[in-house]
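Notes for the one structure printed next.
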Amino acid sequence: MNNSRKTYKTRLDFDKVLDRVAEFAVSGEAKRQILDSEPYTDSSKVLSELHLADSLMDILERGHNPGISSQDDLPAIALRAQKGGVLFMGELLQVARALENARRLKDWYQPSEEKAFYGDYLFFDLYSDNSLERQIKDAILSDSEMADEASPTLADIRRRIMRQESSIRDKLDAIIRSSSTSKYLQEAIVTMRGGRFVVPVKLENRNAISGLVHDVSSSGSTIFVEPTAVVEANNRIMQLKAEEQAEIDRILAAFSARVQSVSSSLQKSHKAFTLIDTALAKARYALSINAVMPDVNDTGFIDLRRARHPLIDKNKVVPIDVRLGKEYTTLVITGPNTGGKTVSLKTVGLLTVMACCGIPIPAAPGSEVAVFSRILADIGDEQSIEQSLSTFSSHITNVIDILAVADRNSLVLLDELGAGTDPAEGAALAEAILERLRKLGCRVFATTHYAEIKLYAMQTDGVQNASCEFDVQTLNPTYHLSIGVPGRSNALLICERLGLDPDVIEDARYGMAVEDRRFEDAISEVDKLRADLNDKEREVESIREEARAELDRARKDAEEVRKKAEKELEYARNRAKQMSADVAAGAYKLMDELRKLEADDSMTRKERLARAKQIANNDSVKLSDFDEKVLSTPDELPKVTDVKKGDTVYVMALGRPASVLSSPDPKGFVELQSGPIKTRAKLEDLRQLPNNASAKTRKTYQVQKTIARESDGPRTEIDLRGKTVEEAIAELEGFIDRALLSHISILYVIHGKGTGALRQAVNDWLRRCPQVKSHRLGQYGEGDTGVTVVELK
């Protein structure tokens, strides 16, 4: 894709994009791969790379971060181990880091169930070994230090070395503290020379302390003597240190042998890691510029919607809409300088290259790019002093290179075509070049100032005009790209706004050819019509947005009304069920009392009749109580913001009022008592009872909630998996309270197997719970040790 001295990467600023993508990679190898990226020419490969980046974006957007680090030296380390070499400590730490990276990536790899993931093949190639990783990390502390715990033998050797050193220090401390020998010392210190403990002796007293001289100070006034009393002990230390090094070498050899056995897996895993790191860098960069995955085709069709140049501040860049490849294959962009023509040209080329390298593009969803075999660009001023080429000559040299290789699978980008020479010749040359490229079947974007090219585009099939809009009031470009309308130079209008003598402007206008004046006037009229149309489109869109908002509000209100009606209907049904049950219970009770009354021989017939009327009147009063208006359903009660000991609140989980026993703890839990039941609940699950609610009304809340719960059916099992011990115990406590209210005797508590910590905590709590009669682990068919079966009293 290189068509001249300056590559398309530089012309399109793609090299700068790659620099930014590479900053998101953690490994040097991934950075190099990114910087060396070349567009794929196979649409299936482009789709595969884009799908991978899009899938990783989806996981990253959910807040996950794999936390991986560089492992660039791993291939060489694995190869050395494979050949039987003994690895150094630093190399083994790199192996452990690679195993950790693989483990972290596998743990992080949690694709969405609703969205297909295209990176399975890479994550399946990752090799992790938790045992080897942990053993290396426990044994090796740094590139040059091995832990005492690396082996029992090493720990024992080091303990013996420490004892010997301590013994030597004691002997040397006695020498330097002794009044008979300290006077011969330069300083009262113990130091080391050549791995042996020595004392500094004054040169003139060298014979006063017998021993071996190991070193002399630079001034020559001090000699470092190993006293005879510690020579044997120092020899023993040197022997132990040799044993220590031999044990370290043995441990390194053992680790190296384990690495050798998995070296092929490590090398394969490293390749997958590098590809994942590269794809993650693309995904992170894409998220930073609000990019999306475009659709891809190999038919030469480009449809960019609200496309933005990725190197321009996303809060300042003006999005453009561009189509090419169906109704027309050549798009000619005209307009004034600094109007955004070149940015539009680069945006199209840059986004195409990005997509073909597997990098999502900054555009709206639904955008589509084509895969080309070549992307050929001539953009910018490339005047060359070394080759004595003018700007025009340099451009033409590039165009010659482009024409030599362009075909129907090429995307050609030409900036200021034909500029830098005589206008008449430049326009004719530009038209001829565009016509050649059109006949070759290329997809072409070109910018120009020439009016002749505007006419060529209007009169030629497959060629379309476009322009970058210009605000003549502010004399500033808007950077909006309008397809179908040629641009104006606006030179005379700009001169008029800037205050040039009107006579001069009028003379210039009459100096233009009649056809040119008519053409510019026609474009001016089109601009006015386009401005009016844009205003009306904005007005229509505003009305449409208001209508959408009103429709959304109406739908929301209708939904709220529907939910409220359903809630009231459900409440009425439950109330009717309760009334029916209470009436039936009252009727049975009345019949029992009447039978007892009839069998009571101690009362006269008249007394029995009076008593029967009294019972009937009392039950009539009770039944009439059901007609009293209920203040509100429990869900409509206001939430509690704070409570203190002695308050009465409604507990949503229990479906009944309860007394507050304590203020909320730091985690928001409140201790409560409802009848004989003591429990804990979160402050957010409590509701306020009206201050003037009677005991009967308070009970009504309880009845309503209990009925609603019974309509859903009592629960006999609870799933505590994934919760902390504190969360699990709090939920279990409320669950058992509700089971007691529902008269359920057998419950199933699902805590999973895992490490067993949650199971142990649950069983410890059940053992102390006074409401629990017995509990046991589940049997085959009940969930085994992942479930505890509870029997309530």
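The values are calculated or read from the model by the stated rules, or taken from the named source; none is laboratory data. Nothing here was measured: the structure is a model prediction, and the numbers come from that model. Backbone-built Cβ (ideal geometry, glycine too); neighbour counts: all protein chains shown. The area values use the complete protein model at the heavy-atom level, side chains included, leaving out ligands, DNA and RNA. Shrake-Rupley method; radii C 1.70, N 1.55, O 1.52, S 1.80 Å.
Tell me which strands (runs of 3 or more DSSP E) are completely within segment 730-793 and hold 2 or more residues being more than 21 Å from THR679 (Cα to Cα) and modelled with pLDDT under 85, or say none if there are none. Walk me through it before giving the result.
Values: elements: 746-750, 772-777, 787-792.
In segment 730-793, there are no strands (runs of 3 or more DSSP E) which contain 2 or more residues that are more than 21 Å from THR679 (Cα to Cα) and modelled with pLDDT under 85.
Between LYS183, LYS137, which is among the charged types (D, E, K, R), closer than 27 Å to ALA257 by Cβ and assigned to a helix (DSSP H, G or I)?
None of the others qualify; the one that does is LYS137.
Failed condition for ASP54, given (1) without any contact (Cβ under 8 Å) to a residue 60 or more places away in the chain; (2) part of a helix (DSSP H, G or I); (3) not hydrophobic (A, V, I, L, M, F, W, C), with all others met?
(1)
For LEU35, which of the numbered conditions (1) farther than 17 Å from ILE289 by Cα; (2) within 28 Å of the chain's Cα centre (by Cα); (3) crowded, with 16+ Cβ neighbours inside 10 Å fails to hold?
It is condition (3) that LEU35 fails.
Would you be able to tell me the number of residues in segment 430-444 that are assigned to a helix (DSSP H, G or I) and either loosely packed, with under 14 Cβ neighbours inside 10 Å or not hydrophobic (A, V, I, L, M, F, W, C) (or both)?
Of the residues in segment 430-444, 6 are assigned to a helix (DSSP H, G or I) and either loosely packed, with under 14 Cβ neighbours inside 10 Å or not hydrophobic (A, V, I, L, M, F, W, C) (or both).
Look through segment 63-100, keep the residues that are free of Cβ contacts under 8 Å to residues at least 24 places away in the same chain and in a loop (DSSP other than H, G, I, E, B), and return whichever of them is farthest from LEU280 (Cα to Cα).
LYS83
If you go through segment 211-228 one residue at a time, how many are open to solvent by less than 80 Å² (accessible area, probe 1.4 Å), out of contact with any Lys or Arg (no Cβ under 8 Å at 6 or more places or on another chain) and assigned to a loop (DSSP other than H, G, I, E, B)?
Within segment 211-228, the first condition is being open to solvent by less than 80 Å² (accessible area, probe 1.4 Å), and the residues that meet it are 211, 213-217, 220-227.
Of the ones still in play, those that are also out of contact with any Lys or Arg (no Cβ under 8 Å at 6 or more places or on another chain) are 211, 216-217, 220.
In the following step, the residues that additionally are assigned to a loop (DSSP other than H, G, I, E, B) were identified as 217, 220.
Final tally of qualifying residues: 2.
(1) at pLDDT below 95; (2) touching a Ser or Thr at 6+ places or on another chain (Cβ under 7 Å): which one isn't true of VAL369, the others all being true?
Result: VAL369 fails condition (1) only.
Please find, within segment 48-64, the residue that is nearest to ILE289 (Cα to Cα) out of those that are surrounded by fewer than 19 Cβ atoms within 10 Å (Cβ to Cβ) and not acidic (Asp, Glu).
The residue in question is LEU60.
Given the structure, is ASP298 within 30 Å of ASP148 (Cβ to Cβ) and open to solvent by 20 Å² or more (accessible area, probe 1.4 Å)?
Values: within 30 Å of ASP148 (Cβ to Cβ): no; open to solvent by 20 Å² or more (accessible area, probe 1.4 Å): yes.
Spelling it out, it is not the case that ASP298 is within 30 Å of ASP148 (Cβ to Cβ) and open to solvent by 20 Å² or more (accessible area, probe 1.4 Å).
Name the single residue that is nearest to ILE375 (Cα to Cα) among those in segment 416-426 being surrounded by fewer than 23 Cβ atoms within 10 Å (Cβ to Cβ) and touching a helix residue (DSSP H, G or I) at 6+ places or on another chain (Cβ under 7 Å).
Residue satisfying both the conditions and the ranking: ALA419.
Find all pairs meeting these conditions: Cβ atoms under 9 angstrom apart; at least six residues apart or on different chains; first residue within segment 445-458 and farther than 15 Å from THR330 by Cα and open to solvent by 10 Å² or more (accessible area, probe 1.4 Å); second residue acidic (Asp, Glu) and part of a loop (DSSP other than H, G, I, E, B).
Hits for this filter: HIS449/GLU416.
Which condition number in (1) in a loop (DSSP other than H, G, I, E, B); (2) in contact (Cβ under 8 Å) with a residue 24 or more places away in the chain is the one that LYS271 fails?
Among (1) in a loop (DSSP other than H, G, I, E, B); (2) in contact (Cβ under 8 Å) with a residue 24 or more places away in the chain, the lone unmet condition for LYS271 is (1).
Restrict the check to segment 275-292 and report whether at least one residue is of a type in the set (Val, Ile, Thr), crowded, with 18+ Cβ neighbours inside 10 Å and part of a helix (DSSP H, G or I).
Taking every residue of segment 275-292 in turn, at least one turns out to be of a type in the set (Val, Ile, Thr), crowded, with 18+ Cβ neighbours inside 10 Å and part of a helix (DSSP H, G or I).
Residues of segment 229-261 being closer than 19 Å to MET192 by Cα and open to solvent by less than 20 Å² (accessible area, probe 1.4 Å), which ones?
VAL230, ALA233, ASN234, ILE237, LEU240
Which ones in segment 321-377 are of a type in the set (Val, Ile, Thr) and either open to solvent by 10 Å² or more (accessible area, probe 1.4 Å) or in a helix (DSSP H, G or I) (or both)?
Across segment 321-377, the qualifying residues are THR329, THR338, THR342, VAL343, THR347, VAL348, THR352, VAL353, VAL371.
Regarding segment 185-208, can at least one residue be identified that is buried (at least 17 other Cβ atoms within 10 Å of the Cβ) and of a type in the set (Gly, Ala, Ser)?
no
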